[in-house]
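Heads up, the thing below is written out as structure tokens.
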Amino acid sequence: MRGFRARSLSRLVIGTSALALVGLPGMAAAQDAAATVGNPGPSDIQDTPATSEPTTGDDIVVTGIRASLRESVDIKRDGQGIVDAISAEDIGKFPDTNLAESLQRITGVSIDRSNGEGSFVTVRGFGPEFNLVTLNGRQMPTSSLGDGLSAPSSRSFDFANLASEGISAVEVYKTGRAAVPSGGIGSSINIRTPRPLDKPGLRGSIAAKGVLDASRNGKDPITPEVSGIISTTFADNRIGVLLTGIYQRRKASVNNASVGYRDGYLGSENNWGSLAQPGDPRAANITNRPDATDVYEVPQNAGYDFTDIDRERINGQLVLQFRPVEELTATVDYTYSRNDIEGRNSSVGIWFNHNDTSSAWTDGPVAGPVFYTERFGANEGKDLAYSGALTTSRSENKSLGGNLTWNAPGGVTMTLDAHHSTAESKPTNRYGNSVSVGNAVFGIQNQTINFENYLPVLSYNMYPGIDPLNVSLITPTGNAFRNSYFKDRINQVQLAGHYDHDGAFLDSIDFGVSYVNNKVRSAYGVIQNDTWGGAGPASDIPDDIFHLATVPDKFDGLGGANDPAIIKQFYTFDFERMVELIDRLYKTCGGDNDCRAPFNTDRRTTEKTLSPFIQINNKFDLFSRPAHLIAGVRYDQTLVNSSALVPVPSGTRWVSQNEFGVIYSGASAFTRFKGEYQNWLPAFDFDMQPIENVKLRASYSHTITRADYASLQGGRTIDQLFRVGGGTGQQGNPGLIPYKSKNIDLSAEWYYSRESYISVGYFHKDVENFISSTQVNTPAFDLTNPASGPRYRAAVAALGANASGGAIRDYIFTNFPSTTRPNLNAAGGFVRDATGFITGDIFGVAGDDPVNFQIGTPVNSDQTGKIDGFEFAVQHRFWDTGFGTILNYTIVNGDARYNNALPASVTQFALVGLSDSANAVGYYDKNGIQARVAYNWRAEFLASTGINPTYVQAYGQVDASASYEFTKGLTAFVEAINLTGSSRRGHRRSDNNVTFVQPGYARYSAGMRFSF
């Protein structure tokens, strides 16, 4: 009868689907237990639904926002440990247009945005690479080309690849548990999709809407979004079919002001780029110069960038289910997603040489620039850069899975699940995925960045007679064609069992084993021409290739946009036509207009993980109230095999007295390294109900996150130049063990109605095995040192211990001619340098001593980080008024913070991503009207660290939506994202060291939905 009661619960509340997820048998056990131990069910708390219809028997059907809230409450209340969720209001109707933007409503979850959309999530201060994402309990591959500047390497799941219309719920597990796959220190996030046999009958939804993105530069096109889902069962509800299809097109723009900086200097330092010291005549041009112990950062470059984005997203899923008998269910599903993005960038920018400068500074100890100016001589030919870039990529995800669930006799349920899933990202044009082409007008007299406003104000003056808006003066300069590729393939098999004991203390046992074979390929190549001083004359480029663009209107509403000094206009250009032209003129890509760079970095990593687990679920009475104790352990054994294509050296040469070099033949080969590790991951969850509808929880667990793929890569490369004492190089380390966190969670929850609760939680994470770097001394590629060995020792024996390097080289040239290549003049004599010594190469040969290389490699450090915090949440429905609210606030603290007052010369360890966050949602759901207004806020946080920090300033965003059901099943709706146009801003050590400013714009949509 236990299984019957759980199925009855899902039937009574629309929107609640079966929670017996693959790989999550403990969740099913919690549902079963919840149906029998006194947790509130539909009949425990009586209320009058705001939008409900009577059905046969005692069923109460609740739809809309309330259905979503009820299911989310059920998941949170009945789950093991700390679980939060967002559920679809109805089939095909997720609360937000983007999964990441939905997740940010959950307590402790914040997001990062890309191109104006939520893409990556941070949970309790741990960024996207620390969160494991599963689809219906299956580990999902990731796909991303990163920033285009190096080989992609992240494990981060990009939620922008998935549309929300085909999702039934997203669950966030904040505590570890034995039955959940390992890999998430911050959380494990499970995306659930609907199944036809969960809700028999014919059901479906089709929706169409138009989207207007106010960020689009120039025109404001309305783009379409169409989604449909249909689910049906037949043969007496023994066969089910579900089909989902989604098409979305979005045209938007991202306008960005950016500033790059030199490293953080102390006021006492005297380096290139540092401020003039007292006594230098240029010091008189510095106002409020930073003191000797103050830290400051001078600008290196700045620009205004305008990027027009065209995104096309296609999602689909087909699910087939067959239940020949009540005890056996077979499921086959195929999930597909494709996300095409094209970004066209135009920019105007300046660079500094740090010679004749003027500046003003705020007070220390961290001094920020007020303005920074540089003057140039007429003969310097200083340039104003007009650049263009094209970024294109396609991310394509495919997943084919099968599931067999058998409700065996004796209270045993066995589930066998397998899937083959791939995620692939690649460019979609002949240039590569990230391409930049430069042009310039030469003749800047002076240039300035003013930091007194929210927006950094860039200005310049040209020398008399030079007009930067005269297209006949625009000269082609340098360019870069970057080509990236990333593919992640996961084959996974899971066998899970659930034994329902139904005893006095032992309630059930979950057990199983999972095998994951994860194969990753990451490749990168670049063609770069550093002709920044001019690739050819301006007359080479026809005038009609350029188009005039304006600047201030792209930052309308930001402080500084109307400054009279700001750059007003610049020239953009026809990108494809320009590339074709410069390739034909200057052989930029070889002259054949095929600019896709061959891969010179190709990394291939395979992880094989075997994970058995067992979990014992106990129930008992404590103080005459129900309580649960769940104890489990998961064992992970992972083998890592990683190889990388690297250039293979063919030898070494001694070039001059103090200069040595590695010789490359142009050949490449794979180098390979291996590693393995094991982890025991215990998890304990306890909950009790001291009074009716109140739950107290305590959890303790160990969780892990695996290293990024770049750190695990098996390639070893060495730098071309080395000294007599040895050389340098780099390699990955497949032997890295995962980050490991020991977690404590406490919470108190009061569910005082079906859709209302109050909760308070505390969490503590103690994390170890952070990754740092070290140097390993080792020979490499059998390379020998031509300045050591028998020839060298013979020269020293003949010339004496005090012989100079030049004399030793002359001796080897003369006595070992077959191993050298001296430079000869036309008469066949030696060419000698100014000191009289022979010039040329002495080659390393067999018998010479090996070269010692100091190879930099990532290692697990002994540094630890502690994070703790509090989570507060209130969800309240205001009686029968139709109104309700959701409020939450998260406080996050860490013990390793960045000290901005220390210079770049001091290496620091700090925890990134830590910030407080809050959400406030108000909703109305009654009489066919639904409305929702949501405000999401995240405090300032450290985004990256190293020798210099970067911060993202506090950000808040307002979203709103409303719908009206004209007649049963037919609904009109409107939505607005970032309704108030909130902008984003980042900085380095000082708030004045602004790194980027992006104005925000609203995105509107309106449409119709028909459900049946």
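With N set to the number of residues, divide the alpha-carbon radius of gyration of region 790-849 by 2.2 N^0.38 Å and report two decimals. If you can, show how the numbers build up before the last one.
On the way: Rg = 11.7 Å, N = 60, 2.2 N^0.38 = 10.4 Å.
The value comes to 1.13.
To the nearest 20 debye, what is the magnitude of the charge dipole of region 790-849 about its Cα centre, counting +1 on the Cβ of each Lys and Arg and -1 on the Cβ of each Asp and Glu? Each step should come with its number before you reach the end.
Values: 5 positive and 5 negative charges, 19 e Å.
Rounded to the nearest 20 debye, it is 100 debye.
Please work out how much length the chain gains when fully extended from ILE222 to PHE1012, using 0.36 nm per residue of separation minus the C-alpha to C-alpha distance, in nm with one decimal. It would help to have the intermediate numbers written out before the result.
On the way: separation 790, 0.36 × 790 = 284.40 nm, distance 2.77 nm.
Here the segment from ILE222 to PHE1012 would lengthen by 281.6 nm.
Please enumerate, by chain and number, the aspartates and glutamates with C-alpha under 12 Å from the C-alpha of LYS487, excluding those fewer than 8 residues away in the same chain.
GLU396, GLU424, ASP602
Ranking HIS876, HIS987 by Cβ neighbours within 10 Å, fewest first, what do you get?
On the way: HIS876 16, HIS987 23.
Listed from fewest to most nearby Cβ atoms, that is HIS876, HIS987.
With point charges of +1 on the Cβ of Lys and Arg and -1 on the Cβ of Asp and Glu, referenced to the Cα centre of the chain, which listed residue (SER1011, SER182, PRO649) lies farthest in the positive direction of the dipole?
After comparing all options, I get PRO649.
If the cut-off is 18 Å between C-alpha atoms, which aspartates and glutamates fall inside it for LYS568, apart from same-chain ones fewer than 8 positions away?
Correct list for LYS568: ASP305, ASP383, ASP467, ASP553, ASP556.
What ranking, highest mean first, results for peptides 494-500, 867-873 when packing means the other Cβ atoms within 10 Å averaged over each residue? Let's see the in-between values first.
On the way: 494-500: 21.6, 867-873: 19.7.
Most protected by this proxy first, the peptides run 494-500, 867-873.
Ranked highest first by the average count of other Cβ atoms within 10 Å around their residues, in what order do 334-342, 458-466, 390-398 fall?
Details: 334-342: 18.7, 458-466: 15.4, 390-398: 20.6.
Going by the mean number of other Cβ atoms within 10 Å, highest first, we get 390-398, 334-342, 458-466.
For the Cα atoms of the chain, what angle does the longest principal axis make with the long axis of helix 65-78, in degrees from 0 to 90, nearest 10?
Approximately 90 degrees, to the nearest 10.
Taking the Cα atoms only, what angle lies between the long axis of helix 575-586 and the longest principal axis of the chain, rounded to 10 degrees?
30
FRET efficiency for VAL694 and ASP553, Cβ-Cβ distance as r, R0 = 45 Å, nearest 0.05? It would help to have the intermediate numbers written out before the result.
On the way: r = 56 Å, r/R0 = 1.25.
The computed FRET efficiency comes out at 0.20.
What's the ranking of 162-175, 423-436, 796-809, 609-622 by average number of surrounding C-beta atoms within 10 Å, highest first?
Details: 162-175: 24.7, 423-436: 21.4, 796-809: 14.1, 609-622: 18.9.
In descending order of packing, they fall as 162-175, 423-436, 609-622, 796-809.
How far is the Cα center of region 458-516 from the Cα center of region 645-676, in Å?
So the separation of the two Cα centres works out to 31 Å.
Measure of size requested: the Rg and Dmax of the chain, with Cα atoms as the atom set and Å as the unit; please supply both.
Calculated on Cα positions, Rg and Dmax stand at 32.1, 110 Å.
Of TRP361, TRP351, TRP532, how do they rank once you tally other Cβ atoms within 10 Å and put the fewest first? Mind dumping the intermediate values first?
On the way: TRP361 24, TRP351 18, TRP532 14.
Ascending number of Cβ neighbours within 10 Å: TRP532, TRP351, TRP361.
As I understand it, the dipole of the chain uses +1 on the Cβ of Lys and Arg and -1 on the Cβ of Asp and Glu, about the Cα centre. Which of LEU799, GLN854, ALA1002 lies farthest toward its positive end?
LEU799
We did not get these values from a lab; they are worked out from the coordinates using the rules stated. These numbers were taken from a predicted model, which means no experiment stands behind them. Glycine gets a Cβ as well: all are built from the backbone with ideal geometry, and neighbour counts include every protein chain shown.
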